[in-house]
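This report refers to the structure that appears directly beneath it.
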Ligand code: NAP
């Protein structure tokens, strides 16, 4: 009988706790050197329940890290001009190092226009075209939080990525594309797959590093995973779980975890993998923005 390799489960929750601790130490250092704490402004327009929970968690973790949190909750009917005026005020406010406008925005507001109105130096989500371009051209940039967190987790398993085959499934501006750029900057050979990719299982089987950011529950099957690969599951999907009772649901990723864990060298679970890294990296980016804006030197954790 052949024994299957045992996967290392990548504990994103523990890694994120450690990262938040390091950011909090550096934030305290920043406060003692500059006389003020790094500040993060979060803007929520509308009452989307999931966004409301995210914003509350972000504010709570910002304060726990010893940073100043500025929360702006606006009614759903807020006009685009009013939101742009708020962004302009936050751009001009010296106590604010990072600005995050929670997406999605109400349909009558042009999200791209709002993203482009944020001062790139305060764009802690890393969605501004200037930061996307800087990442692509290898200049220092504020990098989107989720892919930055993924890179940190990958490097916690394998610090030397040069020459490895990486496959990123998904090409969104917030996850897939920046993930591919980060892996390219680490000298991986990167393939970006998407909904038009032919023979996706064969493409995935080439990967030493496989990142799934698709939004389709358990799409990546166990036999798509090269033995020993590092598998990063970005997906967060809620599916029915009748075994937990009528009407109950549970969270699953884009990877069929129970199958993939039989083949992978290391794998992130859902929940408890990539998810907790996103806010931890947001705090890290706020600290990085504060340092870059002020020239105050503290130790900013990097991937
Ligand atoms: P998105 O904007 O909807 O992009 C999905 C990507 O997947 C697209 O590029 C799409 O290809 C591709 N795709 C869709 N169906 C496919 C298929 N059958 N085969 C191959 N590729 C396919 O999603 P996203 O914002 O990047 O998010 C992806 C997932 O990550 C979601 O589950 C989301 O909830 C999760 N997420 C998690 C975090 C976190 O904190 N952990 C943060 C952000 C997102 P096309 O471009 O060809 O349409």
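Here are a few things to note about the model shown:
- Helix-derived mean residue ellipticity, 222 nm - over the chain, DSSP H n ≥ 4, -39500 (n - 2.57), to 500: -12500 deg cm²/dmol
- Relative contact order %, the stretch 161-277, counting alpha carbon pairs below 8 Å whose residues are six or more apart: 23
- Enclosed volume per residue, in Å³, of the convex hull spanned by Cα atoms of the stretch 35-120: 79
- Debye log10 I(q)/I(0) at q = 0.12, 0.15, 0.17, 0.23 Å⁻¹ for the stretch 232-303, Cα point scatterers: -0.52, -0.68, -0.76, -0.99
- Panel note: the C-alpha atoms of the stretch 111-228, placed on their principal axes, show extents of 45, 30, 20 Å (largest first).
- Calculated log₁₀ intensity ratio I(q)/I(0) where the Debye formula runs over C-alpha points of the stretch 95-176, q = 0.21 Å⁻¹: -1.09
- Across q = 0.09, 0.10, 0.13 Å⁻¹, the stretch 1-149 modelled as identical point scatterers on its alpha-carbon atoms has Debye log10 I(q)/I(0) values of -0.34, -0.42, -0.67, in the order of the q list.
- The angle between the Cα long axis of helix 176-185 and the main principal axis of the chain comes to about 80°, on a 0 to 90 degree scale.
- Fraction in percent of alpha-carbon pairs per bin - 10 Å, the chain: 6, 26, 33, 24, 9, 1, 0
- Normalised convex hull volume, the stretch 167-229, alpha-carbon set, Å³ per residue: 76
- Relative contact order of the chain, taken over Cα pairs closer than 8 Å and 6 or more residues apart, is 23 percent.
- Taking the C-alpha atoms only, the angle from helix 12-34 to the longest principal axis of the chain is near 20 degrees.
- Helix 275-294 axis, angle to the chain major axis (alpha carbon atoms, nearest 10°): 40
All of the numbers you see were taken from the coordinates with simple rules; none came from a lab. Not measured: the values here are computed from a predicted model.
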